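Some notes on the structure that comes next.
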Amino acid sequence: MARITLDSIRKRYGETMAVDGVSLTVDDGEIVGVLGPSGCGKTTTLRTVAGFETPTAGTVAFDGREVTNVPPEDRNVGLVFQEYALFDNMTVRENVAFGLKMRGIEKTARDERADELLDLLDIGAMADRDPTTLSGGQQQRVGLARALAIEPNVLLLDEPMTGLDAKLKARLREEVGELLSDLDVTGLYVTHDQEEAMLMCDRIAVMKGGRIEQVGTPREIYESPATEFVSEFVALDAPDLPFVRW
Amino acid sequence: MSATLSRQFGRPVVTMTLFLVVSFLIVPVLLTFVGSFAGEWSGVLPSDFVTLRNWREVLGLTETVGSQRSMGWDSILSLGGYTLAVPSELIFSVGLALGGVLINLLVGVPIAYAVARYNFRGKEWVNAISVLPLVPGVILGVAFLRAYPTLSGTSFGLIVGYSLLKAPFMVMAVRSEFESMPLQRLEESARSLGASWPRTFLTVIVPNAKSGIISGAIICWTLAAAEFNFSYIVWAKGTQPLALFLQRHISNSSFTKAAAAVSMFFCIIVAITVLLQQVGSRGFDTRG
């Protein structure tokens, strides 16, 4: 895992400024939530860290080493998407072992590592299955295992729970939250769901119109919002959240 | 009330309609197949069963080499007075159509990918142009002869023409497959896991579009093998494409022999379809 530093990132698409001067540091082992409404630039920020977008200006550094122009396949970044995006032409185990295969690790070693992760995520029994036969929650765990298998510098999660039903979401939130802090994962967690961000993240950056409005712990954001937008956006219906990392 | 109505009438009506439509489509094929074993077919129904004469002639299994030659067969094997000849049209046509499919795969899959995946200037044009060759084979054939006179009458000309004419089916089948999956996400997952772009394309993107690619290949092959108009205009001499061979049999031979030729074509189509499906699912299987 590594310390991720974004320095004055700007990304312009034609006339529109998708990201307008974002500076953010994610410390080693820390999960930072990027929270905001759709179109606020949070996904573009995440894609810049992954290397799928080259910023118009600004730099990205992993552990102080600049990676702004390093292609995605050489950044060692784990990605988890709302759409799961599992490889249907491979078994669950092969999905998880894919990144290790790309790194030239031999078959028995990578299968062993894949099985270990699948057990950790409680889906060890599914290893030989076709991913399309799994439920949404199970598929999302496979996606998470696949991203974790390469021991990424940073884990990027793009709305990973959005497609799931409320009950499953609550359970996964708890389990995955614990797992990520146990594994000491450095993570960037993009979501539009303030409750999810509060529960899963050590710090939260609230974004609006391509800029960061405020960065702070869930408590700081909730108790002393810096702007009216932040206070409105994080206002919870039922603020009795047992797992919030106050 | 309406539930009972639907149970009483709805289902039988749907079943009957389906049955009638399927029979209407199947009966001619069955009748032709049965007729190919008949000695006579002058009335509505064939008669004088069962003879293998028609099939023997169509398959080139007649006793004399002369009669095979007259049919245009090449003899490949002589054994105890019998000569086994394979209708060269068969192999030739299967090959021509497969050549067209191969070009379609190499050109059509990347085009379908580009159109489904990227937004670029002129995307609509690429899309339109890739679907444009839906023009009838006659038109393309004439235009083709004008533009590339050196290709006229050559096998290569036929292959290129078939691939052009059938490209839209490949592009459409594969494109809709690409559009039904989270293409960008799949690609980004593979890239972030350390796969280069070419590797991502070949080991993740293409295998995930398997079913679209297989059905595209089957449609392209079948249509190319049966393409009459274009073949008629571009073909000049030598071994005939299957469509022309069929036409010759239908217009110059007895009805029963024509039935055997058509049945044979039908069998080839079924065989190639099964073959493409098998090769497809094996070829894409990266397991084990």
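The values are calculated or read from the model by the stated rules, or taken from the named source; none is laboratory data. Small disclaimer: the values here were computed from a predicted structure and weren't measured. When we count neighbours, we look across all protein chains shown, and the Cβ atoms used for this are built from the backbone with ideal geometry, even at glycine. For accessibility, only protein heavy atoms count, side chains too; no ligands or nucleic acids. Shrake-Rupley method; radii C 1.70, N 1.55, O 1.52, S 1.80 Å.
Helices of chain B meeting both criteria, an alpha-carbon length of 30 angstrom or more along the long axis and an average Kyte-Doolittle score not below -0.5, with helices taken as full DSSP H segments, are B:11-35, B:88-117, B:155-179, B:255-283. Residues in the stretch A:137-153 near a label at A:Ala109, defined as backbone nitrogen under 16 Å from the 7 Å Cα→Cβ point? Zone members listed by number: A:149-151. Of all DSSP beta bridges confined to the stretch A:104-216, the antiparallel ones make up roughly 55%. Rounded to whole Å, give me the distance from the Cα center of the stretch A:160-219 to that of the stretch B:217-240. So the separation of the two Cα centres works out to 60 Å. Carbon-plus-sulfur accessible fraction, the stretch A:45-191 (probe radius 1.4 Å, protein heavy atoms only): 45%.
Just in the stretch B:181-245: which chymotrypsin sites (Phe, Trp or Tyr not before Pro) are loop by DSSP and have at most 15 other Cβ atoms within 10 Å? Loop-located and lightly packed - B:Phe228. Backbone phi angles across the stretch A:61-75, fed through the Karplus curve with coefficients 6.51, -1.76 and 1.60 (θ = phi - 60°), yield HN-Hα couplings of 9, 10, 6, x, 9, 5, 10, 3, 10, 7, x, x, 5, 9, 9 Hz in residue order; Gly and Pro are listed as x.
For a Förster distance of 51 Å, can you work out the FRET efficiency between the beta-carbons of B:Ala128 and B:Val13, rounded to the nearest 0.05?
Values: r = 42 Å, r/R0 = 0.82.
For R0 = 51 Å, the calculated efficiency reads 0.75.
For the stretch A:120-127, the Karplus equation 6.51 cos²θ - 1.76 cosθ + 1.60, evaluated at θ = phi - 60°, returns couplings of 4, 8, 6, 10, x, 6, 8, 3 Hz by residue, with Gly and Pro reported as x. Once backbone amide H atoms are built at 1.01 Å from N, A:Glu213 has A:Val206, A:Met207, A:Lys208 as its partners under 5 Å, excluding neighbours fewer than 5 places away on the same chain. Only Cα pairs under 8 Å and 6+ residues apart enter the sum, and on that basis the relative contact order of the stretch A:4-235 stands at 28 percent.
Counting DSSP beta bridges with both partners in the stretch A:4-235, what percentage is antiparallel, nearest 5?
Antiparallel bridges: around 55 percent, rounded to the nearest 5.
Its Cα centre serving as origin, chain B has a Cβ charge dipole (Lys and Arg +1, Asp and Glu -1) of approximately 640 debye. Taking a ≥ b ≥ c as the square roots of the eigenvalues of the alpha-carbon gyration tensor, chain B is classed oblate because a/c is 1.5 or more while a/b is no larger than b/c.
For the options A:Leu188, A:Leu86, A:Leu156, a Gaussian network treatment of chain A with springs between C-alpha atoms closer than 10 Å singles out A:Leu86 as fluctuating the most.
Length gain on complete extension for the stretch B:Phe24 to B:Leu275, per 0.36 nm per residue less the alpha carbon to alpha carbon distance? Working shown, then result.
Numbers: separation 251, 0.36 × 251 = 90.36 nm, distance 2.75 nm.
Value of the extension gain: 87.6 nm.
A prolate overall shape is assigned to the stretch B:89-241, the ratio a/c of its alpha-carbon gyration tensor axes (a ≥ b ≥ c) being 1.5 or greater and a/b exceeding b/c. Give me the angle, in degrees from 0 to 90, between the Cα long axis of helix A:92-102 and the longest principal axis of the Cα atoms of chain A, rounded to the nearest 10. Roughly 80 degrees, rounded to the nearest 10.
Below 8 Å, C-alpha to C-alpha, sequence gap of six or more: please give me the relative contact order for the stretch B:89-241 in percent.
For the stretch B:89-241, the relative contact order is 42 percent.
Determine the total buried accessible area between chain B and chain A, counting protein heavy atoms only with a 1.4 Å probe; round to the nearest 100 Å². Interface area, both chains combined: 2200 Å², rounded to the nearest 100. Under a 5 Å amide H cut-off, with hydrogens placed 1.01 Å from N, A:Glu53 pairs with A:Thr48 among residues at least 5 apart or on other chains.
Within straight-line reach of B:Lys166, meaning a Cα separation under 24 Å, sit the following lysines at least 8 residues removed in sequence or on another chain: B:Lys123, B:Lys210, B:Lys237.
Taking 7 Å steps out from each Cα toward its Cβ at B:Arg121 and B:Ser176 produces label points 3.3 nm apart. Solvent exposure of the protein assembly as shown amounts to 48 Å² per residue of accessible area, where only protein heavy atoms count and the probe is 1.4 Å. A straight Cα-to-Cα reach below 24 Å connects A:Lys169 with the lysines A:Lys42, residues fewer than 8 places away in its own chain not being considered.
Approximating the spin labels as points 7 Å out from Cα along Cα→Cβ, the A:Met17-to-A:Asp88 distance works out to 4.2 nm.
Once the Cβ-Cβ distance of B:Ser6 and B:Val50 is raised to the sixth power relative to R0 = 30 Å, the FRET efficiency obtained is 0.05.
Surface composition of the stretch B:214-288: carbon and sulfur make up 64 percent of the accessible area, probe 1.4 Å. Charge dipole (Cα centre; +1 on Lys/Arg Cβ, -1 on Asp/Glu Cβ; no other charges) of the stretch B:89-241 amounts to roughly 280 debye.
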